[in-house]
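Enquirer: I have a structure I would like to understand better, so I am pasting it below and will then ask my questions one at a time.
The values are calculated or read from the model by the stated rules, or taken from the named source; none is laboratory data. All figures in this text were calculated on a predicted structure; none of them were measured in a lab. Quick reminder, even Gly has a Cβ in these numbers, built from the backbone with ideal geometry, and neighbours come from all protein chains shown. The area values use the complete protein model at the heavy-atom level, side chains included, leaving out ligands, DNA and RNA. Shrake-Rupley method; radii C 1.70, N 1.55, O 1.52, S 1.80 Å.
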Amino acid sequence: MTSKHPQHPNHNHHRKQIPLPCPHLSAFRSNHGGANPFRALQSCLRIRPLGRAAIRRDPAEVPRCATCGSSAASRLYACLSCAAVSCFPHSAAHADSGHVIAVDVDRAELFCCACKDQVFDRDFDAAVVLAAASAASSSSLGLRQPENLRKRRRVDYRPWAPDSRERVLVSRGSVPLPGNPPDPADPASCFPRGLRGLNNLGNTCFMNSVLQALLHTPPLRNFFLSDRHNRFLCQQKNGRKSGSGGGDGKNSMLRRICLACDLDAIFSAVFSGDRTPYSPAKFLYSWWQHAANLASYEQQDAHEFFISMLDGIHEKVEQDQRKPRSQGNGECCIAHRVFSGILRSDVTCTVCGFTSTTYDPCVDISLDLEPGQGTARHSTTKSHACNGEIDSVLSSQGCGISTLIGCLDRFTRPEKLGSDQKFFCQHCKVRQESLKQMSIRKLPLVSCFHIKRFEHSPIRKMSRKVDRYLQFPFSLDMAPYLSSSILRSRFGNRIFNFDGDDSETSAESSEFELFAVVTHTGRLDAGHYVTYLRLNNHWYKCDDAWITQVSENIVRAAQGYMMFYVQKILYYKASENLVSS
């Protein structure tokens with residue numbers, strides 16, 4: 001399983017051990033210009049839809065190792081001296097030719113082939129940051145004008161009823177779903193429609209757990225079940241495009257791959273009324289084509305799969321429209337219409353008080369677990385540890401209770417940046433120490449919270465899983481973490497808008513309800529994912545092909561890894577062309 005978000009250990013005796021710089025990187029710098037040999041690399045970088053840097057290449061081009069020809073390796077490295085691509089096992093052999101420093105093709109990270117480890121260079125990191133800033137300035141996301149949010153006004157809800165013409169179309173183009181009367185001997189026959197197990201195709205519980213959450217995400221479910229993405233029409237359109245565009249068969253096949261079409265097929269199968277477990281083999285194959293570096297039957301990270309899948313849906317829309325659209329405004333594709341939000345980052349100079357503000361789109365929020373003894377101040381919040389199962393869990397945790405509310409408080413708490421992270425103050429004209437504070441500029445329709453349970457120590461060179469219990473509420477108010485609330489607490493209740501935050505977020509609901517929890521049990525390298533779903537105010541456990549009804553106590557005692565919350569009230573955007581009824 002892939003480790004997420006490397007973190008430094010908290011032990012004092014490890015803090016004093018500063019790793020020595022890579023001698024091969026120093027030699028590379030001296031042999032290639034000395035001052036900044038990575039300045040020219042900025043034009044070779046591209047920023048992927050979710051803000052991740054990678055080496056720029058043709059979308060249909062598949063990088064392969066020059067020695068073994070493999071394209072399915074977990075990491076591929078391009079040499080900075082001769083541009084030869086090598087996989088990890090053959091990178092050391094390429095270093096024998098004197099070409100030691102390479103760059104990760106998919107992640108744009110420096111790699112020393114001789115040390116067989118990642119290396120850090122400040123100038124290379126600056127080139128990546130400049131490429132990201134250039135991509136942000138060319139899109140609708142500016143530094144001071146974060147996104148093109150259309151102002152929304154509330155409109156009265158009007159239930160839809162088909163007219164005579166629509167009734168004819170419905171009767172001609174559809175058939176009633178098969179329905180069987182409930183069988184008292186089969187508890188599954190009483191389950192809500194759409195609750196269907198997914199077969200494990202070989203260590204694919206990470207995929208099944210995320211798919212179960214997405215299949216019951218209300219806005220996403222309504223989109224596909226209302227035929228807003230028809231896979232048959234999409235395949236016909238892509239077939240005509242690939243047929244008229246020429247090229248070899250493999251590139252045409254890659255252009256025809258559409259994860260949204262495969263997801264539409266899963267929705268049709270799951271909500272057909274059939275209760276037998278479904279095998280999402282076609283979806284798995286399409287995802288392998290999109291994420292070739294993860295194409296294997298090894299256990300993968302559920303959060304990484306979630307990000308990669310949304311990335312694939314977005315990139316397909318981008319290719320069809322032949323122009324990039326920012327996910328920050330939430331209008332580019334269904335994935336970002338549902339999950340995309342905007343984070344605000346304020347970096348304040350501690351000397352003069354100058355504040356630099358940036359906005360970044362996000363489809364989820366990754367949260368660090370609270371320190372063991374840092375939760376006493378949350379004792380006044382509503383506690384759900386009122387059942388025996390949670391009590392048994394807490395009794396085994398001698399380090400205190402971590403809460404999702406505490407994790408969000410820590411995420412939005414001002415943080416003093418270290419002396420090695422000084423930023424250039426535009427007012428002082430020098431690098432100064434600063435305070436950084438995160439807040440949420442725009443809430444998504446569905447908020448996904450990812451808990452960092454997998455830690456990697458660069459000093460110990462080992463990874464571990466954090467098994468600490470996390471208490472999460474079933475109802476969550478996100479108002480305290482909005483930019484407008486945090487700025488108001490910082491500056492007081494003054495009568496002015498903070499960069500338009502109040503006017504833009506007033507039409508959004510800040511109250512959320514929990515509807516899905518993805519859990520992980522077991523070790524870092526050999527674990528299992530399970531999803532708990534909330535349907536009709538009942539909880540169901542989705543363990544691959546097995547579906548069972550469980551109590552709230554079971555869910556509260558689960559070891560949450562990803563939590564999905566949906567807005568309690570979904571406001572309709574007023575149409576520009578209203579037809580009078």
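Enquirer: Among (1) part of a strand (DSSP E or B); (2) under 26 Å from residue 279 (Cα atoms), there is one condition residue 525 misses while meeting the rest; what is its number?
Expert: (1)
Enquirer: With respect to residue 500, determine if the residue is at pLDDT below 85 and either out of contact with any helix residue (DSSP H, G or I) (no Cβ under 7 Å at 6 or more places or on another chain) or crowded, with 20+ Cβ neighbours inside 10 Å (or both). I'd like the intermediate steps shown before the answer.
Expert: Numbers: at pLDDT below 85: yes; either out of contact with any helix residue (DSSP H, G or I) (no Cβ under 7 Å at 6 or more places or on another chain) or crowded, with 20+ Cβ neighbours inside 10 Å (or both): yes.
Answer is yes for this residue.
Enquirer: Let me ask another. Based on what the data block shows, is residue 29 over 31 Å from the mean Cα position of the chain (by Cα) and at pLDDT 75 or above? First the steps, then the outcome.
Expert: Values: over 31 Å from the mean Cα position of the chain (by Cα): yes; at pLDDT 75 or above: yes.
So residue 29 fits the description; yes.
Enquirer: Moving to a separate point now. Any residue at all in segment 244-251 that's touching a Pro at 6+ places or on another chain (Cβ under 6 Å) and either at pLDDT 60 or above or loosely packed, with under 12 Cβ neighbours inside 10 Å (or both)? Explain how you work it out, then say what you get.
Expert: Of the residues in segment 244-251, the ones touching a Pro at 6+ places or on another chain (Cβ under 6 Å) are none.
Checked against the condition, which is being touching a Pro at 6+ places or on another chain (Cβ under 6 Å) and either at pLDDT 60 or above or loosely packed, with under 12 Cβ neighbours inside 10 Å (or both), segment 244-251 yields no hits at all.
Enquirer: Restricting to segment 343-373, count the residues that are within 19 Å of the chain's Cα centre (by Cα) and in a loop (DSSP other than H, G, I, E, B).
Expert: 4
Here's the yes/no breakdown for (1) modelled with pLDDT of 65 or more; (2) open to solvent by less than 80 Å² (accessible area, probe 1.4 Å); (3) over 27 Å from residue 129 (Cβ atoms); (4) not charged (D, E, K, R):
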site	(1), (2), (3), (4)
375	no, yes, yes, yes
387	no, yes, yes, yes
397	no, yes, yes, yes
400	no, yes, yes, yes
404	yes, yes, yes, yes
408	yes, yes, no, yes
425	yes, yes, no, yes
432	yes, yes, no, yes
436	yes, yes, no, no
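Enquirer: Next up: For segment 422-448, enumerate the residues that are aliphatic (A, V, I, L, M) and assigned to a strand (DSSP E or B). Break it down into steps so the answer makes sense when it comes.
Expert: From segment 422-448, those aliphatic (A, V, I, L, M) are 430, 435, 438, 440, 443, 445-446; that's our starting set.
Correct list: 435, 438, 440, 446.
Enquirer: For segment 80-93, indicate whether the set of residues that are of a type outside the set (S, T, N, Q), modelled with pLDDT of 85 or more, within 16 Å of residue 31 (Cβ to Cβ) and crowded, with 16+ Cβ neighbours inside 10 Å is non-empty.
Expert: Looking through segment 80-93, none of the residues is of a type outside the set (S, T, N, Q), modelled with pLDDT of 85 or more, within 16 Å of residue 31 (Cβ to Cβ) and crowded, with 16+ Cβ neighbours inside 10 Å.
Enquirer: Now for a separate question. Scanning for something modelled with pLDDT of 80 or more and touching a Leu at 6+ places or on another chain (Cβ under 7 Å), does segment 68-78 turn up at least one residue?
Expert: No - not one qualifying residue is present in segment 68-78.
Enquirer: State whether one or more residues within segment 467-482 are open to solvent by 10 Å² or more (accessible area, probe 1.4 Å), over 23 Å from residue 335 (Cβ atoms), of a type in the set (S, T, N, Q) and at pLDDT below 90.
Expert: Within segment 467-482, not a single residue is open to solvent by 10 Å² or more (accessible area, probe 1.4 Å), over 23 Å from residue 335 (Cβ atoms), of a type in the set (S, T, N, Q) and at pLDDT below 90.
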